[in-house]
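**Q** Let me give you the structure first, and then I'll get to my questions.
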Amino acid sequence: MSAKPTAAFFRAEGVLVSSGVMQAAMFMAGQRAGMRERALRFGQALASAPLFGLLGQNDRTLGNRVAHLCYRDMTEDRIVVLAEEYVDDVLSEKILDSGIELLRRAKADGHRIVVLSEGISEIMERVREKWRYVDDLVCNRLEYRAGKATGKLLDPVIGGYEGGKWLSQYAAVHDIDLSRSFAYAGHGPDLLLLSQVGHPCAVNPDFTLRKAAREADWPLMDYKA
Amino acid sequence: MSDAPVTLSIRETLAGKHILLTGASGFVGKVWLAMVLNDIPQIGRIYVLLRGKGRGVKERFEKILNESPVFKPLHEAHEGRMSEFISQRIEVVAGDVSQPHLGMDTETEARLRRDVDVVLHCAGLVDFNPDIREALSSNVEGAMHVADFVESSDHASVLHVSTCYVAGHRDGFVTETIVTDRSPNGTPLHAADEYAKLQEIIAGVQAENDDPATEVNLREDVVRRLAERGHQGDYKRVTDMVGRLKRKRLREMMAKAGTDRAKALGWPNTYTYTKALAELLLECRSDRVRFASFRPAIVESAMEFPFAGWNEGFNTSGPLVYLAGTWFRHVPAAAGNALDVIPVDSVCRALSIVLCALIRGEASQVYQCGSSDRNFLPVDRLTELSALGHRQHLRKHGSDALERLVLSRWDALAADPEHVLNVTNIRKLMGQVTRYLKHGMPEKIPSEVREWADDLSKTTDSGVRKLRQIEDVLEMFMPFTYQHFCVFQCRAIDRHPVAEREFRFAPEDIEWRSYWLDVHMPGLRRWCFPEYEDKPKETYAPQTPFRLLDAPVPESGESRSHAPQPAREEAG
């Protein structure tokens with residue numbers, strides 16, 4: 001048997017938290033400085049929601065890029081403070097206890113815990129403080145210039161098909177035995193991520209992933225809390 | 001020969017040294033005194049010059065040490081031995097910088113002339129537009145009296161605390177130099193002539209107020225007003241009222257005369273003008289008086305010492321931050337302008353470094369102590385941070401739902417002073433509403449509505465008065481927040497690398513977001529805002545009150561200098 005360490009990979013959205021990046025983007029846009037900015041950016045976030053939904057079951061990279069445009073010209077100070085508020089007031093109510101239990105069990109089994117999220121680092125780093133079992137967090141990062149967000153996401157954008165490629169690199173760097181590792185995810189674009197580990201599990205999957213998981217005979221989990 | 005700066009040890013340099021401190025009851029003076037006593041117990045003797053006479057001065061000093069939270073770390077470190085510890089290191093001297101010979105008695109002055117190594121002159125009047133006589137006496141003549149003392153002393157030098165804003169109305173990079181021949185707007189200037197001119201202005205205002213015609217006019221005015229109210233004023237009553245009015249008028253005229261002169265020469269207010277004049281007069285005596293001018297920028301809440309957030313009184317950013325937490329939204333500020341803020345403990349560390357440089361004869365003439373050159377903080381960022389700080393606070397601690405849900409999200413913004421919703425326009429609008437409610441309501445409306453309108457007009461009238469105050473505050477700060485883009489060079493201090501890490505001056509290490517949100521705003525909320533709201537101030541009461549012992553056995557500077565022990569160890 002291989003002596004290599006193993007890992008458990010979790011996609012945050014849908015597995016650990018029930019809310020996604022669109023809610024965060026709309027929350028942030030609605031709290032911009034100045035009424036005009038608030039209205040404009042909230043409208044922008046709202047308009048990007050259908051596109052995000054449309055692309056949600058396929059490559060979400062473009063959806064993520066569009067959703068995060070509403071951060072444009074927002075100061076880092078405001079984003080950090082609002083992220084704290086968002087986590088405390090909104091996200092803490094959306095945490096899925098069943099997902100946290102999965103985290104706990106994986107940690108107890110000796111796996112390295114890796115969480116992947118489409119959320120921005122300002123939010124996810126704060127959430128991570130609440131999840132005590134996480135060894136590594138990989139999330140989206142906003143680009144800043146002169147203290148203000150440009151509205152662009154730095155590469156690699158988490159949420160698309162890059163997840164699978166990223167996972168291979170991560171396993172090589174940390175010498176992880178993927179064949180004995182676990183992965184939990186719920187979206188179509190996570191197919192590549194799930195297919196690379198020995199123990200994939202589709203959690204609260206969308207239509208695309210549910211269909212694929214059934215065909216691949218992967219375990220399925222559904223929970224709402 | 002190498003030009004590399006020599007590393008200096010603050011503790012070793014100040015060990016056994018005797019320092020005369022003026023302005024010990026002020027914000028900076030108190031923190032510096034507490035810091036030195038806490039961190040450099042091997043200091044020789046600190047002569048604290050306080051106004052008053054005899055036992056009263058000592059009681060005043062005891063009150064400062066027993067009530068100000070600044071001295072809490074010292075009380076906690078020394079507990080029962082605080083009186084002994086302080087009395088061995090401090091001598092309180094009755095005096096007044098505005099008086100010749102610093103108001104000291106002859107014997108004390110002679111003794112101090114022999115003993116004092118360096119004078120730390122923090123005393124000054126920091127009101128922006130005070131009665132010019134008081135500003136002249138405190139800020140200009142005070143500095144001259146200190147210079148007289150230094151000139152006649154055996155070996156003392158002086159560190160004169162000024163302000164970066166002596167630069168006046170100007171834009172750009174402000175270097176660490178004293179401009180001796182012209183004012184900020186380029187008017188030719190000679191220090192002695194300007195001092196004489198100022199005295200002439202004061203004499204002129206005084207003469208005008210003393211003019212019998214002025215008194216006749218005032219008397220007529222008083223009699224008329226009393227008659228309007230149905231009173232018949234007797235001679236004594238009228239004379240008393242005229243006397244009061246004359247004094248009030250004189251103060252107002254003196255304040256206006258100072259402000260007018262300052263503005264005519266390119267300074268924003270009397271404070272910066274008189275501080276600049278003091279520097280110029282000191283510079284004229286630089287061949288006889290060894291001095292350095294120390295110019296802090298806007299001194300704000302402590303980062304660490306005496307504890308994070310310590311602040312007091314009306315400081316520069318306080319009223320602006322306070323405003324950002326009210327319904328008022330448009331703070332007149334130009335995006336990208338610096339508001340040069342520096343924590344008080346950083347200032348006190350820098351003071352100690354420059355004092356050491358002076359003692360070692362290595363000091364430059366001017367040291368600016370700010371952050372804009374090394375860690376730029378634009379005023380629009382500061383406005384947003386203030387709004388975010390209020391948001392964080394009001395969300396959790398707002399007194400009602402309106403504050404928690406609406407006011408917390410009512411962000412203050414940096415805006416052009418001409419913005420349509422500026423404070424002047426709001427005040428005018430509210431004034432018109434008040435006038436309508438009082439006098440413009442139609443005759444035929446029901447009496448209930450009229451009563452309601454009367455009540456409402458009282459509220460709006462009070463609002464107009466508050467807005468007038470806000471307008472005055474904003475106008476006072478406009479030179480710093482909107483009109484000028486200034487960056488103050490702050491490099492002279494780098495010529496003195498410091499051995500002890502805890503004394504290093506490093507404004508570049510300040511992370512503004514955490515400083516503003518986690519240190520400064522909670523500090524203002526705790527120590528300053530109650531004063532703005534006429535609420536009782538929090539005081540400190542040590543378990544064992546400090547008493548200045550009358551005849552402590554002074555340890556000689558030399559003996560202490562060979563026994564450098566940290567304060568905490570001495571406490572044990």
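**Q** Among the residues of the stretch B:363-370, are any surrounded by fewer than 24 Cβ atoms within 10 Å (Cβ to Cβ) and within 20 Å of the chain's Cα centre (by Cα)?
**A** Taking every residue of the stretch B:363-370 in turn, at least one turns out to be surrounded by fewer than 24 Cβ atoms within 10 Å (Cβ to Cβ) and within 20 Å of the chain's Cα centre (by Cα).
**Q** Restricting the stretch B:384-403 to residues that are within 9 Å of chain A (Cβ to nearest Cβ) and without any contact (Cβ under 8 Å) to a residue 40 or more places away in the chain, which is farthest from A:MET74 (Cα to Cα)?
**A** B:ARG395
**Q** Now a separate question. List pairs: first in the stretch B:203-224 and more than 14 Å from B:LEU250 (Cα to Cα), second not in a helix (DSSP H, G or I), Cβ under 8 Å, 6+ apart or cross-chain?
**A** B:VAL222/B:GLY233; B:VAL223/B:GLY233
**Q** Scan the stretch B:404-453 residue by residue and report those that are more than 14 Å from chain A (Cβ to nearest Cβ), surrounded by 12 or more Cβ atoms within 10 Å (Cβ to Cβ), out of contact with any helix residue (DSSP H, G or I) (no Cβ under 7 Å at 6 or more places or on another chain) and in a helix (DSSP H, G or I).
**A** B:ASN425, B:LYS428, B:LEU429, B:GLN432, B:ARG435, B:TYR436, B:ARG450, B:TRP452
**Q** For the list (1) in contact with a strand residue (DSSP E or B) (Cβ under 9 Å, 6 or more places away or on another chain); (2) at pLDDT 90 or above, I need the number of the one condition that A:VAL81 fails.
**A** So the condition that A:VAL81 fails would be (1).
**Q** Looking for whichever is in contact with a helix residue (DSSP H, G or I) (Cβ under 6 Å, 6 or more places away or on another chain) and within 13 Å of A:ALA12 (Cα to Cα) here; the options are A:LEU102, A:LEU137, A:LEU116. Which one fits?
**A** A:LEU137
**Q** Quick check: anything in the stretch A:45-64 crowded, with 16+ Cβ neighbours inside 10 Å, within 14 Å of chain B (Cβ to nearest Cβ) and assigned to a loop (DSSP other than H, G, I, E, B)?
**A** no
**Q** Among the numbered criteria (1) modelled with pLDDT under 95; (2) over 13 Å from B:ALA276 (Cα atoms); (3) touching a His at 6+ places or on another chain (Cβ under 9 Å), which one does B:HIS155 miss?
**A** (3)
**Q** Pairs please, first residue from the stretch B:443-472 and farther than 16 Å from B:GLY431 by Cβ, second anywhere and assigned to a loop (DSSP other than H, G, I, E, B), Cβ atoms under 8 Å, 6+ apart in sequence or on different chains.
**A** Note: pairs meeting the criteria are B:VAL449/B:MET441; B:ARG450/B:MET441.
**Q** Working carefully through the options B:ARG381, B:ARG349, find the one that is within 13 Å of chain A (Cβ to nearest Cβ), of a type in the set (D, E, K, R) and in contact with a Phe, Trp or Tyr (Cβ under 8 Å, 6 or more places away or on another chain).
**A** On the way: B:ARG349 fails: within 13 Å of chain A (Cβ to nearest Cβ).
On inspection, the qualifying residue turns out to be B:ARG381.
**Q** Go through the residues of the stretch B:549-564 one by one and say whether even a single one is modelled with pLDDT of 80 or more, surrounded by fewer than 16 Cβ atoms within 10 Å (Cβ to Cβ), of a type in the set (S, T, N, Q) and outside the structural domain of B:LEU323 (by TED's automatic domain parsing).
**A** no
**Q** Which residues, counting only those in the stretch B:510-529, are under 19 Å from the mean Cα position of the chain (by Cα) and either within 11 Å of another protein chain (Cβ to nearest Cβ) or not aromatic (Phe, Trp, Tyr) (or both)?
**A** Listed by number, the residues that qualify are B:HIS520, B:MET521, B:GLY523, B:LEU524, B:ARG525, B:ARG526, B:CYS528.
**Q** Which of the residues belonging to the stretch B:511-530 are touching a Gly at 6+ places or on another chain (Cβ under 6 Å) and not in a loop (DSSP other than H, G, I, E, B)?
**A** The answer is B:LEU517, B:VAL519, B:MET521, B:PRO522, B:GLY523, B:LEU524.
**Q** Is it fair to say B:THR259 is in a helix (DSSP H, G or I), within 25 Å of B:SER346 (Cα to Cα) and not small (Gly, Ala, Ser)?
**A** In short, no.
**Q** Further question: When you scan the stretch B:300-403 for helices (runs of 4 or more DSSP H) that lie fully inside it, which ones turn up with 3 or more residues that are assigned by TED's automatic domain parsing to the domain that holds B:SER157 and touching a strand residue (DSSP E or B) at 6+ places or on another chain (Cβ under 6 Å)?
**A** Correct list: B:344-359.
**Q** Right, another one. Under 6 Å between Cβ atoms, at least 6 apart or on separate chains: pull out the pairs that start in the stretch B:493-510 with a residue that is more than 12 Å from B:ARG374 (Cα to Cα) and part of a helix (DSSP H, G or I) and end on any residue that is among the charged types (D, E, K, R) and at pLDDT 95 or above.
**A** B:PHE503/B:ARG349
The values are calculated or read from the model by the stated rules, or taken from the named source; none is laboratory data. Because the structure is a prediction, the values reported are computed rather than measured. Please note: Cβ atoms are built from the backbone with ideal geometry, for glycine as well, and neighbour counts cover all protein chains shown.
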